[in-house]
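Values in this text are rule-based calculations from the coordinates and carry no lab data. Treat the numbers as computed from the prediction; the structure is a model and nothing was measured. Note that each Cβ is placed from the backbone with ideal geometry, even for glycine, and that neighbours are counted across all protein chains shown.
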Amino acid sequence: MKDFPAVAGDNSDIHDLFVIGGGINGCGIARDAAGRGLKVCLAERDDLAAATSSASTKLFHGGLRYLEYFEFRLVRESLIEREVLLSAMPHISWPKRFVLPYHKDMRFESETPTSRLLSTVMPWMKGRRPAWLIRLGLFLYDNLGGRKQLPGAATLDLRNSPEGAPLQDRFETAFEYSDCWVEDSRLVVLNARDAEARGARIMTRTGVIRAERKDDLWEIGTRDTETGELCTHYARILVNAGGPWVGDILQSRIHINSREGLRLVRGSHIVTRKLYDHDKCYFFQGTDGRIIFAIPYETDFTLIGTTDAEHEDPEVKPVCTPEEKRYLLDFANQYFKESLSDEDIVWTYSGVRPLYDDGASSATAATRDYTLKLEATGGAPLLNIFGGKITTYRRLAESALEALEPHVPGLKPAWTAGVALPGGDFPVDGVEDQIAWLRKAYPFLTEFWARRLVRAYGTEAAEILGDARGPGDLGPDFGATLTGAEVSWLMEKEYAHTAEDVLWRRNKLGLRLSDGEVAVLQDWMAARRAEERAAAE
Ligand SMILES: Cc1cc2nc3c(=O)[nH]c(=O)nc-3n(C[C@H](O)[C@H](O)[C@H](O)COP(=O)(O)OP(=O)(O)OC[C@H]3O[C@@H](n4cnc5c(N)ncnc54)[C@H](O)[C@@H]3O)c2cc1C
């Protein structure tokens, strides 16, 4: 065992909480805890949101399909949460309408509890998801909890409507309901920034390589993945928010055998050129009992996903396999008029859901709810986070602090509901006003540019632009409206180190930049980091 240099020997460097993992759950917990006055440190071995939290379908949703699994607690909590989150981040999250095309001859191979119940009491219904069942589901979805701002469900005539135009003519009717979009990786970064603003220490590119209980303290060894520097930290409580690696961290870093299991389920998405002109999303039901979404994406594209595939090893980087591409194309081709092929795909991404293993038979059926496991009998407490959704991250963080309360005397009460994330301090319906204001203040901005900045940075967009009077005042032009001023902001305030951090997690301009432009950005960022390191020495 290597000898780790201590950060410092005195108590002032003992953290109340040390969080492993800079995905949405780790960053959400760090923010909540820091806001309650705890001394927090978070270590992420890669970039923030480098794993699952940048690979989601990006929905703040109740999860309409979970109703079929009778997951009422999860659905209710998520439905209530949608609007709480929307109010706190109207820049990175916004309402969306979902169109669910319906045809009476649709048949499903489905093993959900609802379809089993239906085929027992009404055997002639086997393999069907009748219109009344969908209506009942949407009624519950509208009324289970918390819907104040979002419009309720409706029935749509697809004939001669924009929503029907891209679909095959056999679809004449659809149901429509509300959920919300969220920029997942920005959500993570904004939580980390807010945690830092409230006193937390956020360390990226810092892997936890061991953690050991020393009576009432945790001794945690980290390695800087860029410089190799080793450090030792001390904390009263350890939180394992390692997502797909939660089990690996338990076994190989903390050396604890846990009975709790994790089910790793890969989900892939394809991004195609823009497939239709309106701004609504589609909810397509498949003959295998699964559903996929088609969602307008980044102005000029359409996002289609997702799949459910067992994924054995978290160390194996998830990629969208040829079979998954085929599956998604075939699925969409059952609905769209224009047939899609491989050539329409411009990008794919893939992530691993860290689902709590509830013994379900299939990946699709495994619960999407979260489970918190506190181990406090052997000395300093350890909290392990299993499962969870982007949508429930804030509630998960509150539950985590509730679980830790007996170990933190005088813990302040929950506070995050209704408190804006950085840049989100404006009304839910105020985005257009923000864009208009920004374009007036900076007349050189195009509509695309201004909208992109407001959607990413909200009220902070003007801080990036400063007193610029034209694009020439914003440093190098890296392409697609990305400037030196913005990249500097991302490096100084949002923990970006590489072109990939910027182009695929702080924004999605990777869809628009050429390989040559990416290389220029990467070189510029590397040179800047080298200068900063030299200045610090
Ligand atoms: C395809 C797909 C679609 C989804 N769609 C939605 C959706 O639309 N809506 C929704 O609400 N949810 C959705 N989810 C679920 C949601 O994305 C996840 O539940 C959530 O992102 C998990 O976050 P996490 O913080 O637990 O894990 P992660 O984001 O994976 O974070 C864990 C982090 O721990 C780090 N780490 C691991 N080991 C160490 C170590 N030793 N030291 C330091 N750091 C370490 C990793 O690098 C990683 O960044 C989807 C998931 C998938 C896969």
Give the aspartates and glutamates reachable from Lys104 as a straight Cα distance under 20 Å; neighbours fewer than 8 places away on the same chain don't count. Glu68, Asp157, Glu163, Asp169, Glu172, Glu176, Asp288
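Contour minus end-to-end for Thr173 and His407, with contour as 0.36 nm per residue of separation and end-to-end as the Cα-Cα distance? Write down the numbers at each step before the final one.
Numbers: separation 234, 0.36 × 234 = 84.24 nm, distance 5.53 nm.
Contour length minus the Cα-Cα distance gives 78.7 nm.
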Could you let me know the centre-to-centre spacing of the range 359-376 and the range 56-86, using Cα atoms, in angstrom? 16
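Can you tell me the relative contact order of the range 191-269? Whole percent, Cα pairs under 8 Å, sequence separation 6 or more.
Across the range 191-269, relative contact order equals 19 percent.
How high is the relative contact order of the chain, in percent, counting Cα pairs under 8 Å that sit 6 or more residues apart? Can you show the working numbers first?
Numbers: 1053 pairs, mean separation 104.6, N = 537.
So the answer I get is 19 percent.
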Under a 5 Å amide H to amide H cut-off, with H placed in plane at 1.01 Å, what residues pair with Arg353 once short-range neighbours are removed? Val265, Arg266, Gly267
Please identify the trypsin sites (Lys or Arg not before Pro) of the range 460-537 that satisfy two criteria: DSSP loop assignment and at most 13 other Cβ atoms within 10 Å. Which are they? Arg469
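May I ask you to derive the relative contact order of the range 7-116, considering only C-alpha pairs under 8 Å and at least 6 residues apart, and to give it as an integer percent? Each step should come with its number before you reach the end.
Values: 86 pairs, mean separation 21.1, N = 110.
This gives 19 percent for the range 7-116.
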Going down the list Lys126/Lys274; Lys96/Lys389; Lys58/Lys373, which pairs span over 30 Å between their C-alpha atoms? Lys126/Lys274
Let me know the charge dipole size of the range 82-135 about its Cα centre in debye, to the nearest 20, where only the beta-carbon of Lys, Arg (+1) and Asp, Glu (-1) is charged. 160
I'd like to know which of Ile304, Phe293, Asn333 lies farthest towards the positive end of the charge dipole of the range 293-338, counting +1 on Cβ of Lys and Arg and -1 on Cβ of Asp and Glu. Asn333
Neighbour net charge for Leu383 - beta-carbon separation under 14 angstrom, K R +1, D E -1: -4
Sum of side-chain charges, Ala34 neighbourhood, beta-carbon under 10 Å (Lys, Arg +1; Asp, Glu -1): +1
Output the peptides 33-39, 389-395 sorted from most to least packed, where packing is the average of other Cβ atoms within 10 Å over each peptide's residues. 389-395, 33-39
Would you compute the Debye intensity of the range 287-439 from its alpha-carbon atoms alone, equal scatterers and no solvent, and pass along log10 I(q)/I(0) at q = 0.13, 0.14, 0.21 Å⁻¹ to two decimals? -0.94, -1.01, -1.31
